[in-house]
């Protein structure tokens, strides 16, 4: 019997987590087929009631990864349909099948932008619908746990922005722009960015599974050392052997341009790669305290710089450098 049920593990992080756990120990429930692990994947959408019949009653721990998280989701209601209602459906399925242990991947987006290195006790202040929906999902989960704390276990992990081999998120897009000389630096670059290498996040989730017990736990997760944008870009430029003569654009000018593009996109019913949310996120301080995670007995397999190097070597090997 499979001990662990992963929900939403067909993607980037979930695939790495299955690598760590071992496919013989788990199943994956996802609305999309897994390219690497189709033989253990059940196709199901957490927005549908069918999730109740998809989770095996023999499951010891559910790991809920599924989320709607992109910056330009349309309609906005999808954030809440997936991240909140979907979470409620999973809880109902667990209760129906007598499963009492849950690990949930939330996000540091619940803190909002430009906070002073918040730890897990910092008040929530999300600035966008993704962060708001994740916070609402967390509140549902805490209510579920504290309704029966003697018999339930809940672990919530809030990763910083996750990057790594095969991901096509913001970190990859930044690196790709630098590699092709299309990168324009917005702002002064002194803002600090906490990030998390996918191999370390998967290992930390596995650590949480192994030490799972009847309690409530909340962790931020990011790798160290934290870098500011100038240091991050310098590291990437050095990998490509490029000079550091970047074109720099003042923040307010970039924000104004993004607002104009949003208006044009709305008129044309299109999505553009640049918008105000992405400009604000790029220029914000997003540094988070992950002391609790590393005090839990976890040791990251890779440093942040090692994770960046592995990503660069995978995505941009020597033969592809410009």
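The values are calculated or read from the model by the stated rules, or taken from the named source; none is laboratory data. Bear in mind the structure is a predicted one, so any value in this text is a computation, not a measurement. With ideal geometry, Cβ positions are generated from the backbone for all residues, glycine too; neighbour counts draw on all protein chains shown.
For the subset of the range 92-117 comprising residues that are over 17 Å from the mean Cα position of the chain (by Cα) and assigned to a loop (DSSP other than H, G, I, E, B), which member is nearest to residue 55 (Cα to Cα)? Explain how you work it out, then say what you get.
Taking the range 92-117 and keeping what is over 17 Å from the mean Cα position of the chain (by Cα), we get 92-102, 114-117.
Applying the additional criterion that residues be assigned to a loop (DSSP other than H, G, I, E, B) yields 97-100, 114-117.
Details: 97: 8, 98: 10, 99: 9, 100: 12, 114: 39, 115: 38, 116: 40, 117: 37 Å.
By that ranking, first place goes to 97.
Counting just the residues of the range 39-59 that are in a helix (DSSP H, G or I) and closer than 19 Å to residue 80 by Cα, which one comes out modelled with the lowest pLDDT? Show your work before the answer.
Of the range 39-59, the ones in a helix (DSSP H, G or I) are 39-40, 49-53.
Remaining after also requiring closer than 19 Å to residue 80 by Cα: 49-51.
Working: 49: 85, 50: 89, 51: 93.
Step by step, filter the range 39-59, then rank; the result is 49.
Results for (1) within 25 Å of residue 73 (Cα to Cα); (2) surrounded by 13 or more Cβ atoms within 10 Å (Cβ to Cβ); (3) free of Cβ contacts under 8 Å to residues at least 60 places away in the same chain, shown as yes or no for each residue.
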site	(1), (2), (3)
206	no, yes, no
217	no, yes, no
226	no, yes, no
240	no, yes, no
244	no, no, yes
260	yes, no, yes
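Does residue 83 qualify as being touching a helix residue (DSSP H, G or I) at 6+ places or on another chain (Cβ under 9 Å), assigned to a helix (DSSP H, G or I), under 14 Å from residue 158 (Cβ atoms) and modelled with pLDDT of 95 or more?
Yes.
Looking at the range 10-26, can you tell me whether even one residue there is within 23 Å of residue 144 (Cα to Cα) and either touching a strand residue (DSSP E or B) at 6+ places or on another chain (Cβ under 8 Å) or in a loop (DSSP other than H, G, I, E, B) (or both)? The answer is no; no qualifying residue exists.
Of all the numbered requirements in (1) in a helix (DSSP H, G or I); (2) touching a strand residue (DSSP E or B) at 6+ places or on another chain (Cβ under 9 Å); (3) within 21 Å of residue 227 (Cβ to Cβ), residue 176 misses one, and that requirement is (2). Looking only at the range 257-293, count how many residues are closer than 30 Å to residue 206 by Cβ, touching a helix residue (DSSP H, G or I) at 6+ places or on another chain (Cβ under 9 Å) and not in a loop (DSSP other than H, G, I, E, B). Residues in the range 257-293 being closer than 30 Å to residue 206 by Cβ, touching a helix residue (DSSP H, G or I) at 6+ places or on another chain (Cβ under 9 Å) and not in a loop (DSSP other than H, G, I, E, B): 3 in total.
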